[in-house]
Amino acid sequence: MNHPLDNPIWTALTTGSKKFSYGDEHIRLIDRDMGFFAGLPSYEPEHLESLWDVLEDGVKVILFTPNPLELDDRWIVHNDRKLLQMVWDNEVENLELSDSVQPLDPSHVSQMMALTDLMRPGPFLEKTILFGNYFGIFSRNKLISMAGARLNPAPFTEVSAVCTLKDYQGRGLSKKVMSAVINSLVAQESIPFLHLYPDNLSAFKLYSSLGFVSRAMLRVYSLEKT
């Protein structure tokens with residue numbers, strides 16, 4: 001694995017997101033108030049055994065891997081699916097920004113958690129906002145659409161938590177908040193990328209329209225130590 005995005009969690013937790021993680025040269029874990037990510041330099045059985053040894057019973061972790069894992073029956077597997085990775089094509093510039101989009105800060109966390117709990121774009125915890133670059137759209141002081149950043153496997157930054165309330169979908173709101181996130185990341189000289197399930201065709205269409213291109217097919221696991 002030579003490209004930073006071949007092993008995005010490990011790369012992030014040893015580069016741009018290292019300040020939010022803990023561990024050593026064999027295993028790194030994200031702050032549990034920010035997410036559930038675990039990164040390993042590679043995913044052979046001996047590295048998975050090391051991960052098992054450091055986790056407490058009942059702890060769940062999320063892994064992004066380049067290939068399927070060989071897991072023994074001690075692990076409870078909550079998720080095991082293909083995961084499409086897309087990278088922003090930096091030749092697409094000057095995305096249209098909307099005055100309706102505003103930056104989100106810690107004062108908005110309760111609304112952000114309520115929206116993500118309802119729409120399920122992926123885990124969003126109390127301190128996930130510390131990853132930064134979150135933007136949203138409000139209607140009558142209610143957050144109805146949002147997106148932001150997550151893992152930072154330098155020089156790349158993951159766009160995440162893209163979601164819009166069901167009653168407001170189909171109005172281009174996700175495109176507006178994503179455009180704000182992309183412009184913010186590019187201004188910081190970071191390259192946006194993201195992940196999605198390959199059968200999510202509506203998301204694929206949206207991301208493609210914003211300049212993202214398919215890069216690799218990974219695998220996502222949610223594992224629990226029994």
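The values are calculated or read from the model by the stated rules, or taken from the named source; none is laboratory data. Just so it is clear, the structure is predicted and the values come from calculations on it, not from any experiment. Counting neighbours? That spans all protein chains shown, and the Cβs are built from the backbone with ideal geometry, glycine included.
Reported count of residues in segment 157-186, each being closer than 19 Å to T15 by Cα and not acidic (D, E), is 5. In this structure, W88 qualifies as surrounded by 14 or more Cβ atoms within 10 Å (Cβ to Cβ) and touching a helix residue (DSSP H, G or I) at 6+ places or on another chain (Cβ under 7 Å).
Take the residues in segment 98-153 that are charged (D, E, K, R) and surrounded by fewer than 23 Cβ atoms within 10 Å (Cβ to Cβ); name whichever of them is farthest from F20 (Cα to Cα). Once the filter is applied, the top-ranked residue is R140. Exactly one residue out of I191, I144, I129 is over 30 Å from R28 (Cα atoms) and at pLDDT 95 or above: that is I144. Within segment 56-76, residues that are within 15 Å of F37 (Cα to Cα) reach partners that are basic (K, R) and part of a strand (DSSP E or B) with beta carbons closer than 6 Å, at six or more positions or on different chains, in the pairs V59/K225; T65/R219. Between I182, I144, the distinction of being in contact with a strand residue (DSSP E or B) (Cβ under 9 Å, 6 or more places away or on another chain), in contact (Cβ under 8 Å) with a residue 40 or more places away in the chain and under 29 Å from S107 (Cα atoms) belongs to I182 only.
Residues in segment 2-57 that are assigned to a loop (DSSP other than H, G, I, E, B), closer than 24 Å to T128 by Cα and of a type in the set (S, T, N, Q): N7, T15, S17.
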